[in-house]
Amino acid sequence: MRKRITPYLFILPAGAVIFFFLLYPLVYSFFISLHEWDLSPGMTFVGLGNYAKILSSPEFWDSMLYTAYYMVGVLPFSLVLGFLFASLLNDATLKGIGFFRTVYFLPVVTSPIAAGMGFSFLFSTELGYVNHFIRSVGGDYVNWLTNPEGIMQILFNWTGIQLPKILQGPSVALFVIILMGIWQNVGYAMVVYLAGLQGIPETYYEAASLSGATRFQCLRKITIPLLSPTTFFLLIMFSINSFQVFGPVMVMTPEGGPLNTTSVVVFRLYREAFAYYRFGYAAAMAFVLFIFVISMTAFQVKTLEGRVHYE
């Protein structure tokens, strides 16, 4: 009997932590999502009513669109720039290599709140360095954080064409937040790609060189295929992180931006709970987001994992 109980005693502390800080909050959140609740003593049971409201809410789908803009803007540039910097810093004989690697990685460990405040100052209409530079070369001030117009629509304005809403692209304010997201993600992608590059045996390149392969051919036939597990990992991580962005939006556009064009889904969830006190609705929104992210990740794994070369 004692031998049977002993293993459970060892896992009891970890199990208690998982139960009280993960399982219980998860179950209770789902319970809340089935009710209307504004922190008053009583809850009103509505079943799946909150979920129905969310799926029929234009505001929710707008927030999903803005989040998708953020992901599409941040993800490819973070991967490409991270790979380029990793390739440049893969030479151990380069002088000051440690310094440059540290500098490129610093944005990763910078607090999103502090970074958001810095970008708010840089892109301030009257005081920002970006507008001062634009003015110094003969341009006009840009209302970076207060302009709700889409970037793609601005590019098409001279043609007189009014693009559909989904094609107008992120607003100018959301574009600034996307720039900050790229700035913070590039260093992480660089470090991961650097580890991947250092794991590729030099003998592959030597054999390819003896066969007359060019540097571009080595890149296309050796480097990119052997880095596909790294790219796949970063793609999954950055996709998930894009749907969790909150800090920069809260700092740079605390009201959701001009015409709510920076109100990404997690920011809208926060507003529903702590500004409008619709905790049941916000809990339901969290579960809808959870299901969407899980589904998106499963789709990426199913469609892309077959193209990953693990050896």
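The values are calculated or read from the model by the stated rules, or taken from the named source; none is laboratory data. What you see is a predicted model; the values in this text were computed from it and never measured. Positions of Cβ are generated from backbone atoms using ideal geometry, with glycine treated the same way; all protein chains shown enter the neighbour counts. Side chains are part of the model used for accessible areas, which takes the heavy atoms of the whole protein and leaves out ligands, DNA and RNA. Shrake-Rupley method; radii C 1.70, N 1.55, O 1.52, S 1.80 Å.
Please work out if ILE200 is modelled with pLDDT under 90, buried (at least 17 other Cβ atoms within 10 Å of the Cβ) and either over 30 Å from SER63 (Cα atoms) or among the charged types (D, E, K, R) (or both).
no
Give just the number: which of (1) part of a helix (DSSP H, G or I); (2) open to solvent by less than 70 Å² (accessible area, probe 1.4 Å); (3) over 30 Å from SER263 (Cβ atoms) does ILE224 not satisfy?
Every condition holds for ILE224 apart from (2).
Just to check your reading of the model, which residue among TYR276, TYR193, TYR205, TYR281 is among the hydroxyl-bearing types (Ser, Thr, Tyr), touching a helix residue (DSSP H, G or I) at 6+ places or on another chain (Cβ under 9 Å) and loosely packed, with under 15 Cβ neighbours inside 10 Å?
Among TYR276, TYR193, TYR205, TYR281, only TYR276 is among the hydroxyl-bearing types (Ser, Thr, Tyr), touching a helix residue (DSSP H, G or I) at 6+ places or on another chain (Cβ under 9 Å) and loosely packed, with under 15 Cβ neighbours inside 10 Å.
Could you check how many residues of region 227-265 are of a type in the set (Val, Ile, Thr), touching a residue at least 40 places away in the same chain (Cβ under 8 Å) and assigned to a helix (DSSP H, G or I)?
6
Considering only region 78-121, how many residues are assigned to a helix (DSSP H, G or I), surrounded by fewer than 18 Cβ atoms within 10 Å (Cβ to Cβ) and of a type in the set (A, V, I, L, M, F, W, C)?
15
Identify, please: which residue in region 166-183 is open to solvent by 30 Å² or more (accessible area, probe 1.4 Å) and touching a residue at least 24 places away in the same chain (Cβ under 8 Å) and is, among those, farthest from MET117 (Cα to Cα)?
ILE166
Restricting attention to region 193-212, does a residue exist that is of a type in the set (S, T, N, Q), free of Cβ contacts under 8 Å to residues at least 40 places away in the same chain and assigned to a helix (DSSP H, G or I)?
Yes: one or more hits.
On the given criteria, is VAL288 among the hydrophobic types (A, V, I, L, M, F, W, C) and not in a helix (DSSP H, G or I)? First the steps, then the outcome.
Working: among the hydrophobic types (A, V, I, L, M, F, W, C): yes; not in a helix (DSSP H, G or I): no.
Taking the combined requirement at face value, the residue does not satisfy it.
Just to be sure, is THR125 open to solvent by less than 70 Å² (accessible area, probe 1.4 Å), closer than 19 Å to VAL249 by Cβ, over 20 Å from the mean Cα position of the chain (by Cα) and not small (Gly, Ala, Ser)?
yes
Within the group PRO225, PRO258, PRO229, PRO201, which residue is more than 13 Å from the chain's Cα centre (by Cα) and closer than 28 Å to GLY118 by Cα?
The unique qualifying residue is PRO258.
Within region 27-43, track down each residue that is under 16 Å from ALA273 (Cα atoms), surrounded by fewer than 16 Cβ atoms within 10 Å (Cβ to Cβ) and at pLDDT 90 or above.
Selection gives TYR28, PHE30, PHE31.
Out of the residues in region 158-174 that are assigned to a helix (DSSP H, G or I) and over 29 Å from the mean Cα position of the chain (by Cα), which is farthest from MET250 (Cα to Cα)? Can you show your working first?
As a first pass, look at region 158-174 and keep what is assigned to a helix (DSSP H, G or I): 158-159, 165-167, 172-174.
Next cut, over 29 Å from the mean Cα position of the chain (by Cα) only: 158-159.
On the way: TRP158: 33, THR159: 35 Å.
Result: THR159.
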